[in-house]
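Structure, as structure tokens:
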Number of protein chains: 2
Amino acid sequence: MKKNGKIEKVSEKTIGRLSLYRRAMDKLAKEGRDFAFSHEIAHMSGATPDQVRRDIMVLGYSGSPNRGYSVAELSKSIGEFLDDLDVQKVVLVGVGNLGRAILSYFTGKRPKLSIIACFDNDTEKTGRVINGCRCYPMSQLQDVINENSASIAIMAVPFSASQEVADRLTHSGIKGILNFTPVSIKVPHGIHVEDIDMTMALEKVAFYSRQKPQGQLLERRTNDKAGH
Amino acid sequence: MKKNGKIEKVSEKTIGRLSLYRRAMDKLAKEGRDFAFSHEIAHMSGATPDQVRRDIMVLGYSGSPNRGYSVAELSKSIGEFLDDLDVQKVVLVGVGNLGRAILSYFTGKRPKLSIIACFDNDTEKTGRVINGCRCYPMSQLQDVINENSASIAIMAVPFSASQEVADRLTHSGIKGILNFTPVSIKVPHGIHVEDIDMTMALEKVAFYSRQKPQGQLLERRTNDKAGH
DNA sequence: TCATATTCGTGACATCTTTCACATTGTGTA
DNA sequence: TACACAATGTGAAAGATGTCACGAATATGA
């Protein structure tokens, strides 16, 4: 959907890949590399060189022919595009096995995204600091979110609590949710939800891992009207 | 790519959604429902009624107008399409925080997918049973996979070990990998890899949660050649 | 300095996925 | 039995995403 050739929408896939490219840049920077070619970035990110160049177009930043992209500048450009000026505050709801794993996974991963609190109903957990993150009772959800202007939530609660928690989060002013729950949550328009559905992912793998050898079962019969 | 109108490829997205539809059917069955309409399934799965009907076409199963789809039969049809006849055996590599969370998450979720072993280097863990799953040292990876004919692996190892583990898995005959590692692993043709990249997902949420209010920053300037 | 090899930027094209829209067909009712 | 209704099944259009291919730009070395 182009508007007079000056403005163009950025696809969701592109947003995701830019995040991967930045990670690749960070890795290269640590190795002391100054420049990288589109095909190297592609290889590191599971994309194609075409995709990489196409995606980078949205940044307004240009590489140089025969030298590639400046690692430092590309990383910076992606940061300017993806990141907010301020740190965005994140809360985690649900401190079970998965919640704790998420906490330790994200700790220090991205400087512009900070998990500032976590919530649970279990009084064994509330009041304590878990994996470096203070745990509050669910009753304080709204207050803590408001006091800290948190805008993002990660949901790792039992599926039965899913929708209720989502409602409370959106009422508290949360603008985006990363949902680990195997439930499709309903949110008001304008709130972004990203689902991570591990069961679905595993079932996809199972499907393809069993059918690949022959390659023929990936096709299907249509409701054959030609058949007789 | 249609071949004479009888055979058609099934899209990857469709595979994923079928898994969600089945989960919806299981839920409805528990509630005692016998029939469901496409719009109900859609609502439960975060899809549209059109998508649901389109996806179900690949099964060869038909609903009935005015009554919708039989919960039991749709679930069965999806099972026949997605599942292998036998149970598919799964191994988990990497029993850190995330690995343990994955173990407890999947336990008993899908009868046709069974996690039969997990692997780690830590001698504190090896030899023990963790979350109901026996933990072996990495050195036994190949042997255990072969002896049990496991075809699927879940990787939750540190990123630095990623590619090496992937290589060993594919050499051991693994046909599909669910990769929680933030690294794009390279595998031989015919091996299916599904990536779950939590950092990327969170960054996507962060991006959209910050830009949605105005809705304008989702657009981009092109490298204006008109400008001067 | 100039030719060469290499890579970027991007219009055009191809493919994949979703949505539209409507004919079709069971179902319940009078 | 015949009618009206409500959902399904599905070609076809629209939209999103990925790929191709080639001109432009730049480093390298004779």
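The values are calculated or read from the model by the stated rules, or taken from the named source; none is laboratory data. Keep in mind that what you see is a predicted model, and the values were worked out from it rather than measured. Glycine gets a Cβ as well: all are built from the backbone with ideal geometry, and neighbour counts include every protein chain shown. Please note that ligands, DNA and RNA were not included when accessible areas were found on the heavy atoms of the full protein model with its side chains. Shrake-Rupley method; radii C 1.70, N 1.55, O 1.52, S 1.80 Å.
Side notes on the structure shown:
- Placing a label point 7 Å from Cα along the Cα-to-Cβ direction at A:E164 gives distances to the equivalent points in the other copies of 4.7 nm, listed shortest first.
- Whole-number D in µm²/s for region A:12-81 (Stokes-Einstein; Kirkwood sum over Cα pairs; 25 °C, 0.890 mPa s): 212 µm²/s
- Helix-only arithmetic for chain A: the sum of -39500 (n - 2.57) across DSSP H runs with n ≥ 4, divided by the residue total, places the mean residue ellipticity at 222 nm at -12000 deg cm²/dmol.
- Relative contact order (%) - criterion: Cα under 8 Å, at least six apart; region: chain B: 12 percent
- The spacing between region A:17-52 and region A:159-212, judged by their C-alpha centroids, is 29 Å.
- Relative contact order [Cα under 8 Å, 6+ residues apart], region B:1-124, whole percent: 21 percent
- Subtracting the Cα-Cα distance of A:D143 and A:D50 from 0.36 nm times their residue separation leaves 28.8 nm of extension gain.
- Every Cα-Cα pair of region B:95-177 was included, and the share exceeding 23 Å stands at 13 percent.
- Accessible solvent surface per residue of chain B, calculated while the other protein chains remain in place, 1.4 angstrom probe, Å²: 50 Å²
- Projecting the Cα atoms of B:I174, B:L141, B:L202 onto the dipole axis of chain B, where Lys and Arg carry +1 and Asp and Glu carry -1 at the beta carbon, places B:L202 farthest toward the positive end.
- Average Cα contact separation per residue, region B:79-124, under 8 Å, 6 or more apart, as relative contact order %: 49 percent
- If you bin all the Cα-Cα distances of chain A at 10 Å, starting from zero, the percentages per bin are 7, 24, 26, 24, 14, 4, 1, 0.
- Over region B:50-113: Rg over Rh, Cα atoms, Kirkwood Rh: 1.15
- Largest-first ordering by accessible area, 1.4 Å probe, given options B:L20, A:L178, B:L85: B:L85, B:L20, A:L178
- Surrounding net charge for B:A47, when Lys and Arg each add one and Asp and Glu each subtract one, Cβ distance under 9 Å: -1
- Available extension along the chain between B:F37 and B:H189 is 50.8 nm, counting 0.36 nm per residue and deducting the alpha carbon span.
- Within a Gaussian network of chain A (alpha carbon springs, distance under 10 Å), most fluctuating of A:K125, A:K175, A:K30: A:K30
- Within 10 Å of the Cβ of each residue in B:77-85, the mean number of Cβ atoms contributed by other protein chains is 2.
- Among the listed pairs B:K112/B:K186; A:K13/A:K76; A:K112/B:K125; A:K30/A:K204, those beyond 25 Å (Cα-Cα): B:K112/B:K186; A:K112/B:K125; A:K30/A:K204
- Computed log₁₀ I(q)/I(0) - Debye formula, equal Cα scatterers, no solvent, the protein assembly as shown, q 0.09, 0.11, 0.12, 0.14 Å⁻¹: -0.67, -1.02, -1.22, -1.56
- For A:T181, net neighbour charge (Lys/Arg +1, Asp/Glu -1) across residues whose Cβ lies under 10 Å away: -2
- The DSSP beta bridges internal to the protein assembly as shown are antiparallel in roughly 30% of cases.
- Estimated buried accessible area (total), pair A and B, 1.4 Å, Å² to nearest 100: 7600 Å²
- Charge tally in the Cβ shell below 11 Å around A:C135, where Lys, Arg are +1 and Asp, Glu are -1, A:C135 excluded: +1
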